[in-house]
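Please treat every number below as a calculation from the coordinates, not as lab data. A quick note: this is a predicted structure, and the numbers were derived from the prediction, not measured. Every residue, glycine among them, receives a Cβ derived from its backbone with ideal geometry; neighbour counts consider all protein chains shown.
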Amino acid sequence: MSKVELLAPAGDLHRAKVAIDFGADAVFIGGKQFSLRARASNFDLDEIEAAIRYAHQHNAKLYVTVNMIFHDDDLSGIKEYLINLNQIGVDAVIVASLAVAHLSKQCCPNMEVHVSTQLSATNCATLKYFESLNLDRVVLARECDLEDINLISKQAILPIEVFIHGGMCVNLSGRCTLSNYMTHRDANRGGCAQSCRWKYECFDQDNQLVSDSENWFSMSSKDLNAAPYIPDLIKANVSSLKIEGRMKSEYYLATVVGAYRQLIDSIDKQDENDLMEQTIKELNKAENRPTFGGFYGGRPNNAGHLYGVNGAGVTQEFIGTILNYDNINRLATIVVRNHFSIDTWLEVFGPYKQPQKFVVKKIINSEGQLIERANKPMEIVTIELPFEVTNKDYIRKVMP
Amino acid sequence: MKIITEVFKLESIQPYIDSGVTTLMVTTPFLSAKYPESTSIEKLKAIVDVAKRAGCEVALLINRLIMEKEWHQFEQEIDHLKMVEFDYFVVHDLGVMFTLKQKFSKVEIIFHSDTTMANALDIDFLLHHGADVVAVARELTHQKKLNLVEKFHNKLMLSLFGHQVMSTSYRPLLTNYFQEIQKDIKIENRWFKMREQQRSEFYLALEDQHGFHMFTGEIISALKHLQTYKEHDLGFAYIDSAFLPESLVCLVAQTIKHGYDHQTFLKAFNQLNLDKTIGEGLLYTDTTNQKEEAL
């Protein structure tokens with residue numbers, strides 16, 4: 001059984017570094033052009049090159065999404081872009097256009113081409129088709145369950161990648177135009193307005209079925225959390241486990257990537273129930289919507305949906321990032337992200353380390369004054385911290 | 001220009017052919033999604049028999065993704081139909097296209113994925129790698145569609161009339177919803193109307209064994225451009241018959257066949273007194289890929 005890849009998203013260079021530091025084997029990013037997630041910060045070529053350098057220095061890979069469903073006028077410059085990506089050392093492009101995949105193979109034969117989930121691969125025949133086109137990897141449709149994945153994987157046609165965590169399209173990826181028709185934003189070119197998460201009044205012929213707007217119909221999906229299925233996915237010989245969310249924060253990435261890294265590395269070394277409990281507890285500290293197991297256990301029932309709720313759960317657990325640590329005086333200089341006070345229980349978590357708790361005993365603001373409460377986002381303060389930390393560690397609140 | 005539409009009833013065949021339909025699409029509940037009516041394999045064979053005797057082309061429609069665990073059943077169903085002389089397979093799934101092309105090299109493949117064929121490069125690629133005809137993405141503007149027709153002519157299929165499918169989910173969304181609110185309502189193969197909280201227009205929705213599908217409430221019609229498409233030798237004019245009565249399908253087919261002008265069509269449409277409206281959808285409204293620019 002080959003080592004499974006943990007693949008993480010990143011919206012900018014800093015987040016790419018965080019994902020790699022916390023254990024991602026590969027990171028996928030979007031360029032300024034040709035990519036979905038129009039609202040993600042996205043990278044220019046210099047930033048992509050810097051991300052590649054960092055990734056390769058840390059034995060990680062870097063993939064670039066070129067995954068929109070192109071209209072003719074979107075395609076200008078695509079060949080030059082692919083050549084540039086290849087020249088700066090991108091390991092793979094993730095594409096939703098077979099013509100672009102073919103073009104990439106023609107002009108950059110050494111750069112891998114991964115087929116995006118936008119092309120909805122759900123069966124071996126589709127993988128055989130992609131294999132005949134000399135493509136390198138397939139991201140399966142989210143609708144595949146464990147049975148489908150096992151059956152596909154047994155045939156060993158192409159390496160397969162599956163989603164394990166993050167937002168879920170409720171509709172078939174690449175086949176939904178709700179946003180196009182309702183808001184004139186093209187869902188398949190990065191403008192999705194998430195119209196599926198809105199509320200709809202439902203009528204049988206002309207009879208309103210539910211009058212209370214709190215109970216109106218919504219297609220809104222819970223987010224995916226496939227942690228309980230990771231052992232099965234690894235046994236199925238899946239090549240890559242993908243976390244969704246190029247627009248997610250560094251705190252989210254640190255928490256989620258760290259949790260899955262720990263899970264993957266500890267399978268077969270730790271009691272599975274304990275490990276799973278620990279992983280779920282850790283994943284719940286990230287700002288997810290409520291989560292469920294996706295399609296892995298079969299077609300979702302009502303427990304896979306959000307009715308009457310929208311948006312990610314707002315969390316104030318993320319307290320700050322560490323700039324440096326004074327080992328002699330046991331003082332950490334941090335950038336504040338959410339308010340905290342003296343006597344609050346906090347914990348430090350970092351790459352490849354167990355969280356460590358402490359009680360805040362002293363806070364010094366940027367003017368050198370002792371304060372009871374740090375409540376200005378992005379203010380730099382110094383706190384007493386009784387154990388050594390590094391500038392790759394994060395501080396969060398200990399929740400009851 | 002061929003005129004293609006779905007048929008579910010034996011009685012509809014002759015009126016459709018008389019109205020100008022050249023190619024009838026048939027399917028089974030297993031092979032296709034999105035239609036409130038269904039056809040058993042036996043009924044399908046009978047329809048094909050009648051259509052063939054009337055000189056009409058027949059296409060087998062497979063308009064959904066086939067999951068790997070269903071593949072064996074898919075192959076069995078295709079085996080049951082192997083003696084039927086189809087002229088075309090209309091497919092939605094690249095794996096289905098790849099398989100049928102190998103098994104039935106003489107049957108032409110129309111690739112119809114609703115959304116993904118949105119540029120000349122991809123259409124050209126697919127025409128060289130498995131498809132004989134490609135259906136253009138429904139959501140493109142008329143001008144973008146016309147640009148493609150000018151390049152590919154009879155290798156393209158365009159949806160000229162019908163409620164446009166806006167989304168397809170593999171989840172039974174209505175079943176889940178009514179379960180959540182504990183309402184006992186018969187769902188499968190019945191259509192519902194939906195109205196978004198902030199909008200006045202209605203959408204149509206349907207759940208079948210393959211999932212949940214949402215459609216435009218208005219019929220989207222490109223019939224006013226009929227002559228232009230004919231001049232550029234468009235291959236197939238598709239009448240998407242979901243939710244349309246037979247009388248309307250016949251009227252549209254006659255309009256396409258005889259090239260009636262749009263005013264004549266609208267007058268005849270109004271005389272049918274249907275509870276339906278005709279709209280333009282995205283035919284003249286380009287979409288943006290930027291959230292900030294959107295409406």
Original post:
Using 7 Å Cα-to-Cβ label points, what is the B:Gln227/B:Lys186 separation (nm, one decimal)?
Top reply: 4.8 nm
**OP:** Could you sort A:3-11, B:208-216 so that the peptide with the highest average Cβ count within 10 Å comes first and the rest follow in order?
**Re:** A:3-11, B:208-216
Original post:
What is chain A's relative contact order, in percent, from Cα pairs under 8 angstrom and six or more apart in sequence?
Top reply: 15 percent
**OP:** Just tell me how shielded B:182-192 is by partners: mean number of partner chain Cβ atoms within 10 Å of each residue's Cβ, no decimals.
**Re:** 2
**OP:** State, in angstrom, two size descriptors of the range B:184-295 derived from its alpha carbons: Rg to one decimal place and Dmax to the nearest whole number.
**Re:** 16.8, 53
Original post:
Label 7 Å along Cα→Cβ of A:Thr390; the range A:249-268 residues with amide nitrogen under 20 Å?
Top reply: A:250-266
**OP:** List, in order, the whole-Hz ³J(HN,Hα) value for each residue of the range B:80-86 obtained from phi through the Karplus relation with A = 6.51, B = -1.76, C = 1.60 and θ = phi - 60°; use x for Gly and Pro.
**Re:** 4, 9, 5, 7, 7, 8, 7
**OP:** In whole Hz, with x marking every Gly and Pro, tabulate ³J(HN,Hα) for the range B:149-163 from phi via Karplus 6.51 cos²θ - 1.76 cosθ + 1.60, θ = phi - 60°.
**Re:** 4, 4, 8, 10, 6, 6, 8, 10, 10, 10, 7, 9, 7, x, 6
Subject >> Per residue Cα convex hull volume in Å³ - calculated over chain A >> reply: 172 Å³
Original post:
Over the range A:20-115, how many percent of alpha carbon pairs lie in each 10 Å bin up to the one with the longest distance?
Top reply: 17, 53, 27, 3
Original post:
Can you give the mean number of other chain Cβ atoms that lie within 10 Å of the Cβ atoms in peptide A:102-112?
Top reply: 1
Original post:
Label-point separation (nm) for A:Lys79 and A:Glu277, each offset 7 Å from Cα along Cα-to-Cβ?
Top reply: 6.1 nm
Subject >> Partner chain coverage, peptide B:160-171 - average Cβ within 10 angstrom >> reply: 6
Original post:
Taking Rh as the Kirkwood radius, which is the inverse of the mean 1/r over Cα pairs, what is the Rg/Rh value for the range A:188-260?
Top reply: 1.15
**OP:** Over the alpha-carbon set of the range A:353-400, work out the extent along each principal axis and list the three values in angstrom, largest first.
**Re:** 33, 26, 20
Subject >> Tail weight of P(r) past 45 Å, computed on alpha-carbon pairs of the protein assembly as shown, percent >> reply: 25 percent
**OP:** Please report Rg over Rh for the range A:1-160, where both radii come from the alpha carbon positions and Rh follows the Kirkwood definition.
**Re:** 0.96
Subject >> Space enclosed by the convex hull of the alpha-carbon atoms of chain B, per residue, Å³ >> reply: 153 Å³
Original post:
What list of ³J(HN,Hα) values in whole Hz, one per residue of the range A:301-306 in order, does the Karplus curve 6.51 cos²θ - 1.76 cosθ + 1.60 (θ = phi - 60°) give from phi, with Gly and Pro shown as x?
Top reply: 9, 5, 5, x, 10, 10
**OP:** Summarise the long-distance tail of P(r) for the range A:154-200 by giving the % of C-alpha pairs beyond 13 Å.
**Re:** 63 percent
Original post:
Just the Cα atoms of the range A:20-71: what Rg and Dmax do they give in Å?
Top reply: 11.6, 37
Subject >> Cβ-derived FRET efficiency at R0 45 Å, A:Ala50 paired with B:Phe104, nearest 0.05 >> reply: 0.30
Original post:
Can you list the residues, at least 5 places off or on another chain, whose amide H is less than 5 Å from the amide H of A:Ala121, using H built in the peptide plane?
Top reply: A:Ala141
**OP:** Give the Kirkwood hydrodynamic radius (Å, one decimal) of the range B:80-159, defined as one over the mean of 1/r across all pairs of different Cα atoms.
**Re:** 12.9 Å
Original post:
Which loop trypsin sites (Lys or Arg not before Pro) in the range A:240-270, with loop taken from DSSP, have no more than 15 other Cβ atoms within 10 angstrom of their Cβ?
Top reply: A:Lys269
Original post:
Taking only the alpha-carbon positions of the range A:88-164 and ignoring solvent, what does the Debye formula give for the base-10 log of I(q)/I(0) at q = 0.16, 0.23, 0.26 Å⁻¹?
Top reply: -0.53, -1.02, -1.24
Original post:
Which log10 I(q)/I(0) values, to two decimals, does the range A:244-284 give at q = 0.22, 0.24, 0.30 Å⁻¹ under the Debye formula with one point per Cα?
Top reply: -0.68, -0.76, -0.99
Subject >> Share of alpha-carbon pairs per 10 Å distance bin for the range A:138-237, given as whole % >> reply: 13, 32, 28, 19, 7, 0
**OP:** Give, to the nearest whole percent, the P(r) tail of the range A:210-337 beyond 27 angstrom, counting all Cα pairs.
**Re:** 34 percent
